[in-house]
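First comes the structure, then the notes that go with it.
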Amino acid sequence: MVPLVAQITVSHYLVVGAVLFVTGAVCMATKRNILGVLMGVELVLNGANVNFIAFGSPFLREHHLGLDGQLIAVFVIVLAAAEAAVALAIALNFYNNHTTIDVDRAEDLKG
Amino acid sequence: MESLPVLLGLAVLAPLASFFVILLLGPSLGHGGKSAAYVAIGAIVLAGLLSFISLGIWLANHWPEAPHDDHHAAASEHAGDAHEGESQNAKSAHDSHASEGVAGDSHAASHHGSTPPKVSGEYYVLAKIGDLQLSISYYIDSLTIAMFCMVTLIASCIHVYATGYMHDELHDITDHEAHTADGEHVHRPGRFHRFFQYLSLFCFSMLGLVLAGNVLMVFVFWELVGICSYFLIGFYIERKSATNAANKAFIVNRVGDFGMIIGLMAIWSSLGTFAFDELFEAVRPGPSHVLQTPDGMVYASAQDRVRDIARELGPDATPDQLETAIQERATTENWRNVGPDGKAPGYGYWLLIVAGVGIFCGCVGKSAQFPLHVWLPDAMEGPTPVSALVHSATMVAAGVYLAARFYPFFAPEVLFVIAIVGAITLFMAATIAITATDIKRVLAYSTISQLGYMMLAIGMGGWLAGVMHLVTHAFFKSLLFLCSGSVIHAVHTNEMPEMGGLIKKMPWTAYTMLIGCLAIAGAGIPFVIGLSGYYSKDAILEQGHLFMTTNPGWGAVFFWAAAGGAAITAFYMFRMWYMTFLGKPRNHHRYDHAHESPWSMVAPLVILAVFAVGVAWPIPFSSLRLSTLLEQARPAGGLNDMQGVLVNMVWPNEHDSHAASHVIPATLIAFGTALSGILLATMFYVWQPHLAGEVRQQFSPIHRFLVNKWWFDELYDWIFVKPTHVVSGVAARFDRNWIDWIVDGSAKVTRRFAYGWEWLADRVVVDGFVNVFAGWMYSLGLATRRVQRGNLREYVLFILVGALVLFVVISIFRVTYAGGS
Amino acid sequence: MGQFFNNYLIDPLAFWADLPENYWLGYVVAALIQCVILLNVVAVGALFFIWLERKVSGRIQDRLGPTRVGGRFGWLQTLADGLKLLTKEDLTPENADPLLFRAAPYVSFAASFAAYLALPFSNGWVAWDVNVAVFFILAVMGIEVFGVILAGYSSGSKWSLFGAMREAAQVVSYEVPLGLCVVIPVLICGTMNLITIGNMQAGLFTNWLLFHDPFTFCVFFVYFTCATASVNRAPFDLAEAESELVAGFHTEYSGLRWSFFFMAEYGSMFAVSGLAAILFFGGWNGPIPIFHWLGWANSENWYLLQIANLFGALNFVFKAVLGVTLMMWARWTLPRLRIDQVMTTCLKYCVPLAAICFIGVVLWQLYYPWWFINDIHLNGWAKPFAHRSEVREPWVLQIERESPPVRTGVTNRSGEAASSPRDQVRLGALGVSSRLLVERAEGGVR
Amino acid sequence: MIPSITDWHSFFFYLFATVTCVFALAVLFATNIVRMAFYLIISLGASAGLFILAGAEFLGVMQLMIYVGGTLVLLVFGVMLTAQERFISMKTRGGEWVMAAIVGGALLVLLVQTAFSIDDWTAPRADLSAVSAIETQTATRLGLGLLGIRPDQAEEADPVLRQGMSGYLLLFEIVSVHLLVVLIGAAYLARSKRVTSLARAAEMRR
């Protein structure tokens, strides 16, 4: 099997990132459960992180981003955690007020 | 020595800290704010400790040395051992700083031209504006240290005393002397903590003033002292008389300060500095320290001449050339000492006089000298501890202190003015005091009179005599005030005619007050020993005698004013004491209620009495005494004979006054005048009590003149107040009739215009535009609201599609325009 | 012989490198060997601890505990129990989510087991020498609770759900002070590499971080409390409180799956105790550095080195077992807390204490009292090695090489003054890792 | 089978990448919310492995710690707190699936095409042996970067840049404050509104 012999490159990571991103995005677009949407968000962020890490990795490129890539990923993770907390709080509130977690029912403000 | 600025700086800050603590915590300190007193006492006692530590450090470095035998030996022989204190200090200045002084150049200095040992420097530079440097600086010499010790000691006593005197303020108070609009007595909460808050601030201001190293800083603390006295005099703010007195004190002081500001402007505009060091060096440059007009003042006055020189040199001259030319001309034409036309005075001399008189104007206001003395008697409206503090040791002392501090800057003409003002003040105040019946007013006029003595001494060149009298007077005058406070506390009135016979009820107060009276009268055994006043007053009279020998005309006036004043002083002081403590009780109701004051008030009396007796005593077997300590601070060149330019007089060397030919007559005259004054008082008020009334009737015009305080208040009312009322009435009418009409009219026009403009600009243009725009936005919103369906997942899809479209668009752009691959 | 072991058994990479066509097999074999060893440590360890717990509880309750099975001391009792569990019926409740129900014990066990991946047993005896080992151990042990939640949820029983909720709340809460406590030794050492941390404490027992300063001494007890809580041991075993919650999250489990949870628990106990031993008690360094004095601990000779390491491992295991025993002791001594008390202990006591200690240690590091005894024997007579030097992380060396101004900040220990305010700032940050402990055996086994 | 000269980095990459992608897809297609969470944790854990492979050990462990240990526990909490049978799985209409699949597929194609479009990205690093040990030890350097010190830029040629060594201190502070605000905000948002409901009940009784 050739792939196992070939060295891994940035592109490989980018593909994984792309898959995660698209999966997350589709997840957000299709799940009616608000928590499912949230999981889609996590996937999307993770896909972005994979890219950052790949660009910052010294093993993959000579002119890599170095610590900057990892630092940005750190902030992404931290913000994702924060976002999850707030989103969960919103979800709970939504549930308290509407007794549902179906995002399709969250249309009180529609135009 | 390096620790002195720190120690004294802390001593200054301690009362300030106390002020802030009481300001912030105030009534919550103990019951009714009682602990505020402890805070304030702690602060001032701490300051006192620091001051005495500083004194110790100073003495360790600059022990006042015993004088050598020189040409004054004869005087010493004549005066004998009994007069040791006075004769020895005369010589101590010669080598008072043989030890290493911070001033540095003491070795090369001549006999009369050495600079006093001092520590000066800057704590912090506040700002630098051009050449002007505003800084918090210090100037410490033995005068500073002596003032610190004196102020903190007296203030500590007064603080302790005040805890007893003011204890009524711990509770709610009904003020029987103040009335509300409906005629009720004013009922108010106690202000115990407030009182101590002000006291602390006051002590801070006074100590800061003494420590200050430049005139501007002195001025700032000067004003702080003024505002504190305003607060304290007006402490019973509900009483009309108290507020009036406070206002009066404040406003009259402003008059003096106006002069002082003129002096400051003259100094800064010509010399560009406020620091004592630099000013003194400019006026009396070493090593001879002879007074001369400083360069800055010469150039400032000779502006026309300078301009002429510039014109002669032409426009191409460089500044250096101009400078050289000016200096050359100034030397050859002798600008400084003789005017260009050969007549005195030279350029800048008038400026020097203006600066000196200006500064002295401040002293006049603060020390209640002749034209501006009117505030001080009224200031007795404050609580008695305040009177004691404000009007003996601190505020009024500030003026004398400044005059003494600024002594090297004063031209002979200024000294002449000072002497005249002092002489008038001392005589006038003494005469008024004879007829006053309010016990505190007697003391107030006595204070004015004694301040006049100090000013007179300084004006006659008796620097040491004046300063020494400042210190001794502070002790016995605060003692007297506190005694009078004790009496007032006991009988609840200020009027002496309602007292009498109190010696049985309050012996401590009576005997301590007797000590105070003796001290102020200058009692003592001639040539042997005496109370503190004996030393200082005799020194003044000696200087007066010396001055009289050198300048027979004016000198005689000054000397006999002083001598007469001494007699009157003794008279009215004993009159007061007799009326208060001897004889039969004139008001039995008050007499029955009288009682000795609590220990917290008596103890300070005893302490102060001890000091009033012995503060000027020589310490046995050592060269240390008040006079030798102060002698160390004698300004450089302060012993030079000075010849007036505008007045044809000579200011003699103070040391010459210790010659036997001056000491013996002066001492005898002082003794005689004091004795005669006391005997006269005893005769009028003890042996032949009816005589007083008869004399009063016989000399009723003079009596009326004196009772009405020489009609000064009425005079000022006529000269200043009435015309002001007339002018302001006219101005008010003009205001109402003309200016108001213009203003109202233009307002009306503007209003009309605004209505019209509002309709045109606002309603039509602006509103129209906004409404149209809002309409557009509204329809746009209506058009686009369909998209907002509230479906989260659709939004996500939109985003994705948008991202895709962006990619596609950018790709097309790249391929088409950028030629990308 | 030693050469053989060195080259062909212990470092299999080299062995297989001689046989190019089998290169990949070398990894597999090496990985398998290490896995088996570790697995046995965990599994046998669990057996031993369960036996130990019985004996300890018996002694504390004035009983004998198991005595019969396997001869003396009943040392085969746990094995017998395990066999019994194996023969039990494997039940799955009707309401359960079958997939998650089966997966949950494995998630728990795998998380607990994964912690051993980075837990060194002696100088260099570690499966994966990662430079964030402390963090890694905390992270994967945090995943353990996920298995518990899955178990609770998937059982389809409200008892299980409640138990899992409680455990999750508790563990997540206690991770905060636990992390803070762990950060403190990391802060002192300037690294998260456990081997470095362990080596930095070589020397007399006074070099142990427990005695580094008063704050680390205090924080150890906070750590131990939080560790006990985070592995659900009494008095914090709310999640499986039989009397109140039936049996908590594993109510519906039986047989081998149930025993997996227990293996995970005992594995975690050993792991946190081992972590405590490394972070605070010098890890594999004994109280008296005999092997350093002998020169074996950093010998070039492979035999001597491994003998020293073996004794180091014994040291480590002894300390860890001591910690586990301490937990047992606490379990049978203290009453169980209510859930609110558990939370109060965490949020109102452990977190502030740990935070205060954290700040204290930071200040201690910045304003280090040079006269303190600790410094004396770092530098002075008690320094036991001939060739110890200040070993720093490579990036520090790089800075020293590249940028002279920073160097003054870094080598401030030798007394050079920092040259500029900015360097002072750096000194503050770098000092944390450089002036400290520092003493790491040169070369080590890396 | 497995070739003899296998690059083990590649092997583990493919292992982790497969796990990541497969379980991400599993998240997408699962209907049960708790199972979705379970799959998500595996996907994220595997991507943590990817991070570690790429030399970002700290990031990988942080991913485990925060995402897996923290965020997902939160998520599961949310699930449980709102868990009722009817919400566990909610069906999506087929049309939406098709729509999403089309857009997602297009995006995927675009992204993958982009990933392979840059030469620098597709070429492996030739001098792997030049990677120093320093570059792989990231934890402390990351910490210093957050403190505003960048040891990795010590060799920067431009002295101005080197002096600046612009770290992420400000960002770090901002994020810290952000987290604090988020914690407070989340607690506020999620608090139970007992008072309000009681008041409402009282109102209704009246």
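Coordinate-derived values only; no laboratory data. Since the structure is predicted, the reported quantities are computational estimates derived from the model, not experimental observations. Positions of Cβ are generated from backbone atoms using ideal geometry, with glycine treated the same way; all protein chains shown enter the neighbour counts.
Some points to look at:
- Applied to segment C:269-284, the Karplus parametrisation 6.51 cos²θ - 1.76 cosθ + 1.60 on θ = phi - 60° returns per-residue 3J(HN,Hα) values of 4, 5, 5, 5, 5, x, 4, 4, 4, 6, 6, 10, 10, x, x, 7 Hz, with x for Gly and Pro.
- Fewest-first ranking of C:Lys319, B:Lys504, using other Cβ atoms within 10 Å as the exposure measure: B:Lys504, C:Lys319
- Taking all C-alpha pairs of segment B:411-707, those more than 36 Å from each other amount to 18 percent.
- The mean sequence distance of close C-alpha pairs (under 8 Å, at least 6 residues apart), as a share of the length of segment B:268-333, puts its relative contact order at 22 percent.
- Each 10 Å bin from zero holds the following percent of Cα-Cα pairs in segment B:263-422: 10, 31, 28, 16, 9, 4, 1.
- The share of Cα pairs per 20 Å bin across the protein assembly as shown, counted from zero up to the longest distance, runs 7, 23, 19, 17, 21, 11, 1, 0 percent.
- In a fully extended conformation the segment linking B:Tyr795 and B:Asp168 would gain 217.7 nm over its present Cα-Cα distance, using 0.36 nm per residue.
- Ordering of B:127-133, B:457-463 by packing is B:457-463, B:127-133, highest average first (other Cβ atoms within 10 Å, averaged per residue).
- Inter-probe distance in nm under a simple model that places probes 7 Å from Cα toward Cβ, at D:Leu169 and B:Val186: 5.9 nm
- Ordered by the count of other Cβ atoms within 10 Å of each Cβ, fewest first, B:Thr667, B:Thr784 give B:Thr784, B:Thr667.
- Stretch gain in nm, segment B:Val606-B:Val647, where the contour uses 0.36 nm per residue and the Cα spacing is subtracted: 10.0 nm
- Here segment A:6-109 is treated with +1 on each Lys and Arg Cβ and -1 on each Asp and Glu Cβ, and its dipole about the Cα centre works out to around 200 debye.
- Rg/Rh for segment B:655-736, where both radii come from Cα atoms and Rh is the Kirkwood radius: 1.35
- Average partner coverage of C:164-174, which counts Cβ from other chains inside 10 Å: 2
- For chain B, the longest principal axis of the alpha carbon atoms and the long axis of helix B:722-734 meet at an angle near 20°.
- Segment B:522-648 pair-distance distribution - Cα-Cα, 5 Å bins, rounded %: 2, 7, 10, 14, 16, 15, 12, 9, 6, 5, 3, 2, 0
- Reciprocal of mean inverse Cα separation for segment B:224-316 (Kirkwood radius, Å): 16.9 Å
- Packing around the peptides D:107-119, B:429-441, taken as the average count of other Cβ atoms within 10 Å per residue, puts them in this order, highest first: B:429-441, D:107-119.
- Here the mean projected area of the convex hull built on the C-alpha positions of segment A:6-109 is 7.5 nm².
- Test item: D:93-100 mean partner chain Cβ contacts at 10 Å: 4
- Cα→Cβ-extended label distance, 7 Å offset, between B:Lys748 and C:Val176, nm: 7.3 nm
- Cα-derived Rg to Rh of segment B:429-578, Kirkwood definition: 1.01
- What you get for segment C:89-366, charging only the Cβ of Lys and Arg (+1) and of Asp and Glu (-1), is a dipole of about 520 debye around the Cα centre.
- Kirkwood Rh, angstrom, chain B [1 / mean 1/r, Cα pairs]: 30.1 Å
- Dipole of segment B:411-707, positive end: most advanced residue of B:His658, B:Leu443, B:Phe621 [Cβ charges, Cα centre]: B:Leu443
- FRET efficiency estimate (nearest 0.05) - Cβ-Cβ, B:Asp304 to B:Leu134, R0 22 angstrom: 0.10
- Tensor-based shape of segment B:593-693 (alpha-carbon gyration tensor, a/c under 1.5 rounded, otherwise prolate or oblate): oblate
- Expressed in units of 2.2 N^0.38 Å, where N is the residue count, the Cα radius of gyration of segment B:165-220 is 1.73.
- Evaluated at q = 0.07, 0.09, 0.11 Å⁻¹: base-10 log I(q)/I(0), Debye formula over Cα of segment C:89-366: -0.27, -0.44, -0.64
- A simple charge model with +1 on the Cβ of Lys and Arg, -1 on the Cβ of Asp and Glu and nothing else charged puts the dipole of the protein assembly as shown at about 4980 debye relative to its Cα centre.
- The amide H of B:Gly121, built 1.01 Å from its N in the peptide plane, has B:Tyr138 as neighbours under 5 Å, considering only residues 5 or more places off or on other chains.
- Rounded FRET efficiency, nearest 0.05, which uses the C-beta distance separating B:Ala317 from B:Leu715 and R0 of 45 Å: 0.20
- Unit Cα scatterers, Debye sum, segment B:118-271: log10 I(q)/I(0) for q = 0.15 Å⁻¹: -0.94
- With neighbours defined as other Cβ atoms within 10 Å of a residue's Cβ, the residues C:Cys35, C:Cys218 order from fewest to most as C:Cys35, C:Cys218.
- Farthest positive-ward along the protein assembly as shown dipole, Cα basis, beta-carbon charges - from B:Phe192, C:Pro98, C:Trp329: C:Pro98
- Rounded to the nearest 10 degrees, the inclination of helix B:740-757 to the longest alpha-carbon principal axis of chain B is 10 degrees.
- Dimensions in Å of segment C:147-223 - Rg and Dmax from alpha carbons: 18.2, 55
- Packing around the peptides B:7-15, C:271-279, taken as the average count of other Cβ atoms within 10 Å per residue, puts them in this order, highest first: C:271-279, B:7-15.
- Per residue of peptide C:119-131, the mean number of Cβ atoms on other chains within 10 Å of the residue Cβ is 1.
- For segment B:312-392, the Kirkwood estimate of hydrodynamic radius, built from reciprocal distances between every pair of different alpha carbons, is 17.0 Å.
- In segment C:89-366, Cα pairs under 8 Å separated by at least six residues give a relative contact order of 26 percent.
- Whole-number D in µm² s⁻¹ for segment B:268-333, Kirkwood Cα-pair radius fed into Stokes-Einstein, 4 °C, 1.567 mPa s: 98 µm²/s
- In chain B, Cα pairs under 8 Å separated by at least six residues give a relative contact order of 14 percent.
- Leading residue at positive end of dipole, chain B (Cβ point charges), from B:Val390, B:Trp776, B:Tyr511: B:Trp776
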